[in-house]
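Peer 1: Have a look at this one before I ask anything.
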Amino acid sequence: MPDFVFLILKLFSMKRLSLVLSLVLFVAGFALAQKTITGTVTDEAGEALIGASILVKGTTSGTVTDLDGKYSLSVPDGSDVLIYSYTGFDTQEIEIGTRTVVDIIMAEGISLGEVVVTALGVEREEKALGYAVQQVKGDDVARSGASNAVDGLVGKAAGIQVTRSSGSVGGGSRILIRGVTSMVGNNQPLIVIDGVRTNNETLLSQASTAGTAASNRLMDLNPEDIESINVLKGAAATALYGTSGSTGVVLITTKKGGKKNRLDVNFSSSVGVDNITRMIDLQNTFAQGRPDTYRGPETGESGSWGPAIADLEYATNPDHPNAPGASAFDAAGNYKFDKNGFLVPKGTGNGVPANTYNNVDPFFQTGMNFTNSISIAGGGETATFRLSASDLKASGVIPNEEYNRKTVKLASTLNPIEGLTISGSVNFTKSDYVRVQQGSNTSGLLLGMLRTPGSFDNTNGFAPEDAVNEVSAYQFPDFTQRTYRGGGGYDNPYWIINNALGYEDVSRTFGNVKADYKFSDWAILGFNIGYDVTTDVRKQEFEINSRTNAGGRVQHDEFNTQQYDSYLNLIGGGRLNDDLGLNYLLGANAFSFDNHRTQTRGDELVFPGFLDLSNATAVSAFEDINRYRSLGFIGQVELNYRSLLYLTLSARQDYDSRLGDPTDFKLENTGFFYPSASMSFVFSELMNSGSTAFSFGKLRLSYAQVGSPPPNPYSTSSVFVSPTIGDGWGDNIGFPIAGSTGFDQSNLLGNANLTPELSTTLEAGLDLRFLNGRLGLDVTYYRTETKDAILNASLPRSTGYANVWLNSGEMTSQGIEITLNATPIQTKDFSWDTQVNFTKSESIVNKLAPGIERLFLAGFNSAGTYLVEGNQYGAIFGGAYLRQDAGTDKDQSLNVPGGPVVINDDPNSSEYGFQAVDPTQRSIGNPNPDFIIGWNNTINYKRFSFNFLLDWREGGDLWNGTAWALSFFGKSGLTAETRVEAAAPIEGVKSDGTPNDIAITRGRSYWTSSVGGFGAIGEQFVQDGGWVRLREVGLSYSLPSRDWFKGGSIGVSGRNLWFQSDYDGIDPETSLTSTGNGQGFDYFNMPSTKSVIVKLSVNF
Amino acid sequence: MKSINKLLIMCVFAFSFVGCENFIGGEINKDPNNPTSVPVIAQMPAFQIAMADVYGGAFSRFSCMLSQQVEGVARQWQSMNQYTGLTPNRFDAAWNNIYENILNELAIAQASAEADGYNHYLGILEVMEAFTLMTATDVWDDMPYTDALKGVESINPTFDTQASIYTVINAKLDNAIKLFGGAPGALLPGAEDLFFGGDIALWNKAAHAIKARGLMKEGDYSGAMSEAMQGMSSAAENMAYQYPDASAAGQWYRFNRDRTGDLEFHPTMRTLMTDLKDTDRLAVMDQVFDPSHTYLVADFLQELISYREVQFIIAETDFRNNGGTQAGYDAYLAGIKASFDRLGLGQDEYDAYVADAAVAPGVGNLTLEIIMTQKYIAMFLQPEVYSDWRRTGIPTLLPTSGPTIPVRWDYASTEYLFNTNSPSETEVSIYNDKVGWNR
């Protein structure tokens, strides 16, 4: 068998496929002294176990047993331990010594030895747990090809939902465990690495609906450094983390060296290519202008409502009756906006037909990323270490966007004396980003790009790849922009990627030091302290003549985030008698968070080409400090009766600085208490043992109550702020103004009487395993009642304020999680493992503040996400068509009323024949998916491994604001069809209830009316954002080990290669507002990407 | 080193309850970024600029679009120009600014000025409050006042009638004028007063002018005349805010820069001025919707109430009270002259213009139509033109769509949503519900 592989490798080498492969061949070709071990693997009854795996410890080389339970394995010299494993049986490690035949009897031990890391790093037998925990292997995250560990989790555990916010390289992702927990506070889970809290914040330096893509800080962790990830889902699982764990916890354990008395070196290298998945449908049939009238770029005309491009031709003679004014020509008499000339009706020009320009697809390039990582691990009886380094270089699908990341991590453990273990790790990450403006922003890349008429060429005749670096493509010699609106409107996309870039430079250090001393089994004292320091330095540039900041702007932002987390724990346990066991934990925790932002902004630059504060005539600055601290005292007792019944009781008392009146501080006002209880009943213990059909059964029950402080510090007092002044149509102005400062009472009222918001969770679960564990089913149901939720309740502005912090919200969340594991095929050469993760969660807002029926989260006036009483969390709210039942007895809530759409039948109205507008804004969409299914498969055939992950997200509305706006401008694909359709009545009824018979054509007057783009109606562009997606697919080959070459793998994988969705815009996996709570908005978002990655990994 | 100390401190605290209070108490939750109280002089620039900015912003744009001085031609402004786009949320910015950033700040400042006996300061704040209330009630009619600005103590403020708000306005102005005549108190307004630099005589004139503006609408022409006579006596005394430069540019400049092409000069006004051979002023005004233009410049002088408005009030009240005397006629011409001055035009252009009998028919031949038409032109982009047009119907305007030009603004969407004492959206018609003084 190895010879065959050897031959294949040789063939590869002869073809000189790559230098790397020949290195592999060279390494693999060293067939040096090794011995062959043979044997049989059987169960206790003497039955042969087919497909049991045998691994040479510390390597990836191994084999599986054949149909007779027999195996044969070449073991390199120096390797002495074999690991035998078989699903449903206890894993055994056997020292082979001088033997050449090793027969093994495996003992059935479903999950008996399976140890899970739970809250605070406490290891527990999985069967003792009364709540749901799901483990994801680090290799599975690394295999996904995602450089962001959050992205690598998609579909791999029930109960989690991951949304990538942008196709921009270096854009972050949002993760939720069991949907939302808090109404307006953070809903992303706590990230704990090696026992201490780690920063996963997303910091925005501009408005959430504009600016650039933003990272989530877990991106600073190299996925190759992850050993495993445990997802703690419910309140009982996370109660020991107190407040910070109320949104779930992602426990990441990083790789440490092993006690193998030797050095392991791993090197992996990958190359990936990214392309955009898809673009919104645009019309390129009709030219810039108004119906029947072409209006060229010099007119500033915004719409593409003109004649068909096919009916136009070029002219160059300035005396032509349709010629634009003299200002549209340069000194040499050439038309400035198109080298071919200006456009005139066919037959009146020079006979050269008008070009149709595709300003969108050719703009995007193939993004590339190169990742190299190396790790050296080793150790002996008293010390281990692992040193790793990685380098990621990525260029985006958007020219000039970049993401680079370098990481270095050292982890080590030391056992200086019996019983004392000291371990620690330190991770340095340096990331830098070059980003392009996106979203609702006149300098947003897609805003101008998608609105550009097909009759205008953004590249000025250059090939797109040349226009990127060709100033004359996007700028006139006088530094004004060459845009389709004669310099008005929006930035030319090629101008943006050269003149409105954002730079980010992130330096981060995080790690921990941990010491444990074991006095006895009954007393292990542990101390763990972690630190996480991030400096994020940003510069956002806007060159002079930017449409957003016409005078030019340079904005420097520096964010410094420091967090410290420390734990002191005393744990112990053992058996009280033959039947009864006890484990306990006592602990204390102190946490401190500090974020300091300073911004210096320079406006009104003197001359172009020098984007520096010294070139600014108006410089302003501000600072912002956010800090809070918390203390917790923890106690937990676990009682177990035989292997049958486990009962865990825990309590935590927290004190949090975000509560209490700072002017009248009382410790008791900052405190809150969390009790939790969980039970695990392994009922299969009561049944006849030895049944292979039904191998294991466990019932879980848990109850927990957790509390949360206000989402932000300083919510307990009211303050004065230095306001910005304006009304939303032009830039706001801010102090200091001409030497004056000014202060204004904040629109948000503080509240010294805030108490923690309380959530009570009941969870029940069933864990069943069959056929020696080859089939497993885990079902969990939970229900969480949240009350006293802290809201920034809206006030009518006539109160003088916009919001007040109130303990007033109530919300009910419930959900079902199902995980199905199966190994349908397991033979010597062939195995198939499959896992289905099903997630359904729903959070209903029961109550907001008194007198308030909805609360704004994010978005726009025409459509925004709100908390609405009786509705699902974050409902999309906006303008709706008038329905017949509106305002009648049947219209009881803010949902869209029943009955047919009412048509405006007022003949004097400019909207005669259009849908009438409901004066009340309605709940027009629900951005939460109905369910999510991840189907993960691994098929191994000999040394080949094939995997795929299907990601199915059912439902979840998205507001297609891009199509909404593009319809106004006559650029969306549908406006090409509707403007030429035969006049017909819109389905609906007239005001007297009779069927509508007013025939209209949906042309410019329709799409620019209140039912069109930018109008009052949002509902016509709310679309189903669900998908079925081939999230991951991969094929890899594991290289055999030869002596000092300890194997490896070579593989190709794809991410996001295919998806199917009814959504009409770009890939619906997108979020304008980044990782915030308001989801469901697509407004000129960057299109998402698909990737193909080739990866080589070798071990020495 | 600092970090190590911090670590050590944390370790110690984690072990002892004794340290709890220090670890999380004290200054930790005190906002280090923002003060919990500020003196009146620190508030003043904020609400003065907020007032100038909303007056020259939302109030100017909507009022002058409805009065057909400007025309919405692109994007959202196209549908607002057709009135269909005038949904409640369009008025949010104006409403929110009035209540949150102006009236609420004035209330806080007044309470502290009153408590400290800063009489002249209090007078200024009352003039500003009267001005703000009038600006708001002129477009919104009934609005919360007595029950407003109380934060959580009254989360659903009831609406006061316009008549009662006008009573408050007049009382505030009378009280201010009285305070200006008395002892100033311990704090003298100074450079932080961006309108008048603390000059109480000028504030006193402004108070009279504002009162004249209000009495006109209430139909008290003799009262208005007598107040106007005590108003500002030259353009140098205008109640106005001078924007410094492009770093904090005037509203129209910012709008034109960031929303180029959304609003243009209105054909109705162009025709009206062309017919009057008002070519010099037209040449300045007709190109203003271009950020490079010389009138709506970055360092714009945003007038809140001006000498030329006062002159037109004198001309109109004189005509209404006395049928038109020389004094009224002189005021009429002075108003036109002040408009030429404001636009940067000289004596020659003015002389040429008033040589036309259609403009200057001589005392005795003056009509309300002529006065109000000239006021309409002279008050270019001043929100007051909308009140004048509603009050007098001059000049004649045709709706851009439908049968009626809106006669009021809708309430803000936030008020409809969050105030249970607000009328519902369907109860308010911007086409039919005239404001109190217009009924």
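Peer 1: Residues in region A:474-481: is at least one of a type in the set (Val, Ile, Thr), within 26 Å of A:ASN1085 (Cβ to Cβ), assigned to a loop (DSSP other than H, G, I, E, B) and touching a residue at least 60 places away in the same chain (Cβ under 8 Å)? Outline the logic, then answer.
Peer 2: Residues of region A:474-481 of a type in the set (Val, Ile, Thr): A:480.
Okay, now just the ones that are also within 26 Å of A:ASN1085 (Cβ to Cβ), so none.
Checked region A:474-481: no residue is of a type in the set (Val, Ile, Thr), within 26 Å of A:ASN1085 (Cβ to Cβ), assigned to a loop (DSSP other than H, G, I, E, B) and touching a residue at least 60 places away in the same chain (Cβ under 8 Å).
Peer 1: Moving on. From A:ASP767, A:ASP744, A:ASP731, A:ASP727, grab the single residue that is buried (at least 19 other Cβ atoms within 10 Å of the Cβ), closer than 25 Å to A:SER85 by Cα and charged (D, E, K, R).
Peer 2: A:ASP767
Peer 1: So which of A:GLN562, A:GLN540, A:GLN555 is over 30 Å from A:GLY671 (Cα atoms) and in contact with a His (Cβ under 9 Å, 6 or more places away or on another chain)?
Peer 2: A:GLN540
Peer 1: Any chance region A:226-235 includes a residue that's at pLDDT below 90 and part of a helix (DSSP H, G or I)?
Peer 2: yes
Peer 1: Can you tell me how many residues in region A:730-756 are within 9 Å of another protein chain (Cβ to nearest Cβ) and touching a Gly at 6+ places or on another chain (Cβ under 6 Å)?
Peer 2: The total comes to 3.
Peer 1: Here is a further query. Checking the conditions here, which among A:VAL1011, A:VAL1052 is part of a strand (DSSP E or B) and among the β-branched types (Val, Ile, Thr)?
Peer 2: A:VAL1052
Peer 1: Restricting to region B:31-81, give me the number of residues that are facing chain A (nearest Cβ under 7 Å), under 21 Å from the mean Cα position of the chain (by Cα) and β-branched (Val, Ile, Thr).
Peer 2: 2
Peer 1: Considering only region A:441-451, I want to know if a residue exists there that is without any contact (Cβ under 8 Å) to a residue 40 or more places away in the chain, farther than 30 Å from A:PHE510 by Cα and surrounded by 23 or more Cβ atoms within 10 Å (Cβ to Cβ). Explain how you work it out, then say what you get.
Peer 2: First, the residues of region A:441-451 that are without any contact (Cβ under 8 Å) to a residue 40 or more places away in the chain: none.
No, region A:441-451 contains no residue that is without any contact (Cβ under 8 Å) to a residue 40 or more places away in the chain, farther than 30 Å from A:PHE510 by Cα and surrounded by 23 or more Cβ atoms within 10 Å (Cβ to Cβ).
Peer 1: Testing A:LEU221 on (1) surrounded by 23 or more Cβ atoms within 10 Å (Cβ to Cβ); (2) touching a Ser or Thr at 6+ places or on another chain (Cβ under 6 Å), one condition comes back false. Which one is that?
Peer 2: Among (1) surrounded by 23 or more Cβ atoms within 10 Å (Cβ to Cβ); (2) touching a Ser or Thr at 6+ places or on another chain (Cβ under 6 Å), A:LEU221 violates only (2).
Conditions tested, residue by residue: (1) assigned to a helix (DSSP H, G or I); (2) away from chain A (no Cβ under 14 Å); (3) in contact with a His (Cβ under 9 Å, 6 or more places away or on another chain); (4) at pLDDT 95 or above.
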{"position": "B:ALA206", "(1), (2), (3), (4)": "yes, yes, no, yes"}
{"position": "B:ALA224", "(1), (2), (3), (4)": "yes, yes, no, yes"}
{"position": "B:ASN256", "(1), (2), (3), (4)": "yes, no, yes, no"}
{"position": "B:THR260", "(1), (2), (3), (4)": "no, no, no, no"}
{"position": "B:LYS277", "(1), (2), (3), (4)": "no, yes, no, yes"}
{"position": "B:ALA283", "(1), (2), (3), (4)": "yes, yes, no, no"}
{"position": "B:SER292", "(1), (2), (3), (4)": "no, no, no, no"}
{"position": "B:ALA298", "(1), (2), (3), (4)": "no, no, no, no"}
{"position": "B:GLU303", "(1), (2), (3), (4)": "no, yes, no, yes"}
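Peer 1: Can you list residue pairs whose Cβ atoms sit under 7 Å apart, with the first residue in region B:358-377 being among the small types (Gly, Ala, Ser) and the second being part of a helix (DSSP H, G or I)? Count only pairs 6 or more apart in sequence or on different chains.
Peer 2: Between residues of region B:358-377 that are among the small types (Gly, Ala, Ser) and residues that are part of a helix (DSSP H, G or I), the close pairs are B:ALA360/B:LEU333; B:ALA360/B:VAL354.
Peer 1: Of the numbered conditions (1) in contact (Cβ under 8 Å) with a residue 60 or more places away in the chain; (2) under 14 Å from B:MET44 (Cβ atoms); (3) within 14 Å of another protein chain (Cβ to nearest Cβ); (4) aliphatic (A, V, I, L, M), B:VAL127 satisfies every one except a single condition; which is it?
Peer 2: Unmet for B:VAL127, out of (1) in contact (Cβ under 8 Å) with a residue 60 or more places away in the chain; (2) under 14 Å from B:MET44 (Cβ atoms); (3) within 14 Å of another protein chain (Cβ to nearest Cβ); (4) aliphatic (A, V, I, L, M): (3).
Peer 1: Go through region A:327-338 and count every residue that is surrounded by fewer than 16 Cβ atoms within 10 Å (Cβ to Cβ) and either part of a helix (DSSP H, G or I) or at pLDDT 95 or above (or both).
Peer 2: Of the residues in region A:327-338, 1 are surrounded by fewer than 16 Cβ atoms within 10 Å (Cβ to Cβ) and either part of a helix (DSSP H, G or I) or at pLDDT 95 or above (or both).
Peer 1: On to the next question. Could you identify the single residue in A:SER813, A:SER759, A:SER798, A:SER718 that is within 14 Å of chain B (Cβ to nearest Cβ), of a type in the set (Gly, Ala, Ser), surrounded by 19 or more Cβ atoms within 10 Å (Cβ to Cβ) and in contact (Cβ under 8 Å) with a residue 24 or more places away in the chain?
Peer 2: None of the others qualify; the one that does is A:SER718.
Peer 1: If B:SER112 passes every condition in (1) in a helix (DSSP H, G or I); (2) facing chain A (nearest Cβ under 7 Å); (3) hydroxyl-bearing (Ser, Thr, Tyr) but one, which one does it miss?
Peer 2: (2)
Peer 1: Give me the residue from region A:602-617 that is at negative phi and within 14 Å of another protein chain (Cβ to nearest Cβ) and, out of that set, surrounded by the fewest Cβ atoms within 10 Å (Cβ to Cβ).
Peer 2: Applying the filter and picking the extreme gives A:VAL606.
Peer 1: With (1) away from chain A (no Cβ under 14 Å); (2) in contact with a strand residue (DSSP E or B) (Cβ under 6 Å, 6 or more places away or on another chain) as the list, and B:MET216 as the residue in question, which single condition is left unmet?
Peer 2: B:MET216 satisfies all of (1) away from chain A (no Cβ under 14 Å); (2) in contact with a strand residue (DSSP E or B) (Cβ under 6 Å, 6 or more places away or on another chain) except (2).
Let's see how each residue does on (1) assigned to a strand (DSSP E or B); (2) out of contact with any Ser or Thr (no Cβ under 7 Å at 6 or more places or on another chain); (3) aromatic (Phe, Trp, Tyr):
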residue: A:ALA158; (1), (2), (3): no, no, no
residue: A:VAL162; (1), (2), (3): yes, no, no
residue: A:VAL184; (1), (2), (3): no, yes, no
residue: A:THR202; (1), (2), (3): no, no, no
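Peer 1: Looking at A:ASP532, A:ASP536, can you tell me which residue is more than 30 Å from A:PHE607 (Cβ to Cβ), charged (D, E, K, R) and touching a Ser or Thr at 6+ places or on another chain (Cβ under 8 Å)?
Peer 2: Only one candidate passes the filter, namely A:ASP532.
Peer 1: Check B:LEU86 against each of (1) of a type outside the set (Lys, Arg); (2) closer than 30 Å to B:GLN287 by Cβ; (3) facing chain A (nearest Cβ under 7 Å); (4) assigned to a loop (DSSP other than H, G, I, E, B) and name the one condition it does not meet.
Peer 2: It is condition (3) that B:LEU86 fails.
Peer 1: Give the residues of region A:558-571 that are under 29 Å from the mean Cα position of the chain (by Cα), buried (at least 20 other Cβ atoms within 10 Å of the Cβ) and more than 10 Å from chain B (Cβ to nearest Cβ), sorted by residue number.
Peer 2: A:PHE559, A:THR561, A:GLN563
Peer 1: Within the group A:ASN712, A:ASN669, which residue is part of a helix (DSSP H, G or I) and of a type outside the set (Val, Ile, Thr)? Explain how you work it out, then say what you get.
Peer 2: Working: A:ASN712 fails: part of a helix (DSSP H, G or I).
It is A:ASN669.
Peer 1: Does region A:993-1018 hold any residues that are free of Cβ contacts under 8 Å to residues at least 24 places away in the same chain and either acidic (Asp, Glu) or within 12 Å of chain B (Cβ to nearest Cβ) (or both), and which are they? Before you say what the answer is, go through the steps one by one.
Peer 2: Of region A:993-1018, the ones free of Cβ contacts under 8 Å to residues at least 24 places away in the same chain are A:994-995, A:997, A:1001.
Matches in region A:993-1018: A:ASP997 only.
Peer 1: So A:ASP391 clears everything in (1) under 30 Å from A:ASP274 (Cβ atoms); (2) acidic (Asp, Glu); (3) in a helix (DSSP H, G or I) except one condition, right? Which one?
Peer 2: Only one criterion in (1) under 30 Å from A:ASP274 (Cβ atoms); (2) acidic (Asp, Glu); (3) in a helix (DSSP H, G or I) is unmet by A:ASP391, namely (3).
Peer 1: So which residues in region A:1014-1040 are in a loop (DSSP other than H, G, I, E, B) and closer than 29 Å to A:GLY925 by Cα? Don't jump to the end; show me each part of the working.
Peer 2: Applying the first criterion (in a loop (DSSP other than H, G, I, E, B)) to region A:1014-1040 yields A:1014-1016, A:1018, A:1025-1026, A:1040.
Answer for region A:1014-1040, where residues must be in a loop (DSSP other than H, G, I, E, B) and closer than 29 Å to A:GLY925 by Cα: A:PHE1014, A:GLY1015, A:ALA1016, A:GLY1018, A:GLY1025, A:GLY1026.
Peer 1: Moving to a separate point now. Can you name the residue in region B:236-247 that is among the hydrophobic types (A, V, I, L, M, F, W, C) and either more than 28 Å from B:ALA201 (Cβ to Cβ) or touching a Phe, Trp or Tyr at 6+ places or on another chain (Cβ under 6 Å) (or both) and is also nearest to the other protein chains (Cβ to nearest Cβ) among such residues?
Peer 2: B:ALA246
Peer 1: Report whether or not A:LEU766 is in contact (Cβ under 8 Å) with a residue 60 or more places away in the chain, touching a Lys or Arg at 6+ places or on another chain (Cβ under 9 Å) and either on the phi > 0 side of the Ramachandran plot or more than 10 Å from every other protein chain (Cβ to nearest Cβ) (or both).
Peer 2: yes
The values are calculated or read from the model by the stated rules, or taken from the named source; none is laboratory data. These numbers come from a predicted model, not from an experiment. Note that we place each Cβ from the backbone using ideal geometry, even for glycine, and neighbour counts take in every protein chain shown.
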